Amino acid sequence: MNVIKFSLTRVMVAIAAIAFVVACDRGSETKEELPDLKLSVEVDDITTTTAKIKVTHELDAENTWYGFVTDDTITDAKSLIEKAVAEGVNMKDLHRSKQYITILEELTPGTSYRYIAMGLTAEGVQYGEVAVVEFTTLKDATNDDEEYNGMRRNDAWSVMYVGKDRLDDVDYDHVVRVVSRDDNPYAITLVYADAYDPYQLRALADAMLVDLKDFLKEYNEQNATSFTFADVLYTGNGADAFDLDPGMYRAIAVGFTPMGEVSGLYAVSDEFEVEEQMASANYRAWLGNWTIEGQNGVSTTVNIAKKHANRSFIMTGWEGFDDLAVEVEYNAELDAMFFYSQLVAEEYDLGEEYGKADIYLFAGDEDGYYYDNKDGDYYIAIAGILDDGQRAIVRYGVNVPGYPKFTQMFFMADIDGKFYTFTAEEELPSFIAAMNQNATTSSCAKRGFTLKPLEAQPKTCPAR
């Protein structure tokens with residue numbers, strides 16, 4: 001759904017550097033013996049919880065100095081220094097570098113700080129000029145009054161569904177934009193409006209984290225790249241496009257850290273509706289009853305009905321079951337239907353002899369293997385229009401090297417973890433299968449059947 005994005009926003013905060021001379025409490029002989037050290041302190045890359053500090057001076061490297069950060073912006077620097085020295089300074093905390101850079105971490109968002117640096121000997125004698133830089137961490141704009149299982153609403157993010165829009169010179173029908181007023185990274189997702197539950201936001205974030213990491217790993221392996229988790233996140237304003245069926249939705253910005261953890265921040269859009277389209281003539285031409293005759297001479301009659309105009313169909317009647325509805329994807333650009341593996345029905349009643357079972361649509365190949373969907377649903381076949389105008393079903397992946405050579409698709413019943421089939425292989429239409437419109441379809445709501453244990457070995461197929 002997402003593509004690799006790059007975003008780097010550097011927020012610069014104006015700072016005030018104050019240098020002043022602090023009178024030394026030691027005798028005049030000590031002041032004459034120690035050099036006039038002039039330190040310079042700069043701050044950059046300020047975030048909600050971190051800041052980069054750079055300290056430099058022009059004297060020799062053997063001149064030691066000490067620096068510390070404090071959120072006390074009222075007490076004068078001299079008193080803070082005296083307190084720090086009185087409490088004792090560890091020798092390991094003395095610096096000799098003429099150019100020192102450190103990242104201050106675990107700061108509090110929206111808080112003012114001072115970083116104070118001064119010359120200090122191992123004996124605790126202070127010398128030279130003291131440099132002070134003041135800065136304020138960015139406010140994370142979270143609302144503590146709206147926290148659900150550790151997820152807090154970030155008021156610095158505004159999430160909006162904008163509909164048709166253009167991203168990277170490509171037009172899309174459904175675009176979500178996020179306006180961000182802070183530098184917290186995030187990713188964008190959607191949920192059905194009636195399924196939105198703020199108390200499930202953490203579970204959603206955890207699931208997204210797994211998906212993003214899996215996507216990143218797969219992308220790097222397939223493209224010989226070395227993108228990091230930060231590269232799949234947005235920082236600042238962001239936008240993403242989605243492929244949506246008609247319905248009511250909410251868009252959600254979910255916060256993550258660049259290191260690949262859930263940050264605990266979120267923002268959600270208002271409910272929005274994706275309306276049903278007007279069915280095109282090409283789409284309507286697929287509707288109705290069809291006789292499917294396989295290359296092996298076996299035929300069956302099915303009904304193709306509208307699910308979402310110009311997007312999907314419902315097929316019933318496969319293997320004689322009018323009450324098992326198979327979803328079929330429609331590609332308007334190709335004017336073609338795509339059959340794919342799926343869970344067709346849960347707890348389907350097979351009668352007293354067999355009880356209830358989950359029913360799947362799977363595919364079998366020319367070598368007698370069947371393919372489960374443990375790695376995700378996969379494409380099985382495509383129904384399209386041949387050059388002579390004949391509509392036909394051909395196996396998916398004809399031009400995809402290494403893709404399984406599927407010959408048939410069939411229902412399987414999962415009963416207590418064991419798979420059973422309804423129809424013998426030789427009684428199923430094989431690909432290539434011709435499709436011809438028919439005035440009638442099967443009339444039985446549930447055909448008679450005898451389940452047979454599946455003897456073939458399972459394989460997996462790349463997810464669609």
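The values are calculated or read from the model by the stated rules, or taken from the named source; none is laboratory data. Please read these numbers as outputs of a predicted model, since none were measured by experiment. Please note: Cβ atoms are built from the backbone with ideal geometry, for glycine as well, and neighbour counts cover all protein chains shown. Accessible surface areas use protein heavy atoms only, side chains included; no ligands, DNA or RNA. Shrake-Rupley method; radii C 1.70, N 1.55, O 1.52, S 1.80 Å.
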Right, Y66: outside any loop (DSSP other than H, G, I, E, B), touching a helix residue (DSSP H, G or I) at 6+ places or on another chain (Cβ under 8 Å) and either open to solvent by 40 Å² or more (accessible area, probe 1.4 Å) or hydroxyl-bearing (S, T, Y) (or both) or not?
-> yes
Can you pull out the residues in segment 276-289 that are assigned to a loop (DSSP other than H, G, I, E, B) and open to solvent by less than 70 Å² (accessible area, probe 1.4 Å)?
-> A279, S280, A285, W286, L287
So, first residue without any contact (Cβ under 8 Å) to a residue 24 or more places away in the chain in segment 371-395, second residue surrounded by 19 or more Cβ atoms within 10 Å (Cβ to Cβ) and among the aliphatic types (A, V, I, L, M), Cβ within less than 9 Å, six or more apart or across chains; the pairs are L386/A392
If we keep just the residues of segment 333-361 that are in a loop (DSSP other than H, G, I, E, B) and open to solvent by 40 Å² or more (accessible area, probe 1.4 Å), which is modelled with the highest pLDDT?
-> L334
Tell me which residues, restricted to segment 391-407, are over 18 Å from A336 (Cα atoms) and more than 34 Å from the chain's Cα centre (by Cα).
-> T407
Within segment 185-198, is there a residue that is surrounded by 21 or more Cβ atoms within 10 Å (Cβ to Cβ), within 18 Å of the chain's Cα centre (by Cα) and in a helix (DSSP H, G or I)?
-> no
Test: residue in segment 88-108 that is without any contact (Cβ under 8 Å) to a residue 40 or more places away in the chain, in contact with a helix residue (DSSP H, G or I) (Cβ under 6 Å, 6 or more places away or on another chain), of a type outside the set (S, T, N, Q) and not in a strand (DSSP E or B) | no
Taking into account only those residues within segment 221-250 that are among the aliphatic types (A, V, I, L, M) and open to solvent by less than 50 Å² (accessible area, probe 1.4 Å), which is farthest from Y161 (Cα to Cα)?
-> A230
Could you run through segment 405-427 and say how many residues are assigned to a strand (DSSP E or B), open to solvent by 10 Å² or more (accessible area, probe 1.4 Å) and out of contact with any helix residue (DSSP H, G or I) (no Cβ under 8 Å at 6 or more places or on another chain)?
-> 7
Looking at (1) open to solvent by 30 Å² or more (accessible area, probe 1.4 Å); (2) in a helix (DSSP H, G or I), which is the only condition E58 fails?
-> (2)
Extreme residue, nearest to K307 (Cα to Cα), among residues of segment 251-275 that are out of contact with any strand residue (DSSP E or B) (no Cβ under 8 Å at 6 or more places or on another chain) and open to solvent by 70 Å² or more (accessible area, probe 1.4 Å) = E275
Note on segment 374-393: residues touching a Leu at 6+ places or on another chain (Cβ under 9 Å) and surrounded by fewer than 20 Cβ atoms within 10 Å (Cβ to Cβ) are D377, G384
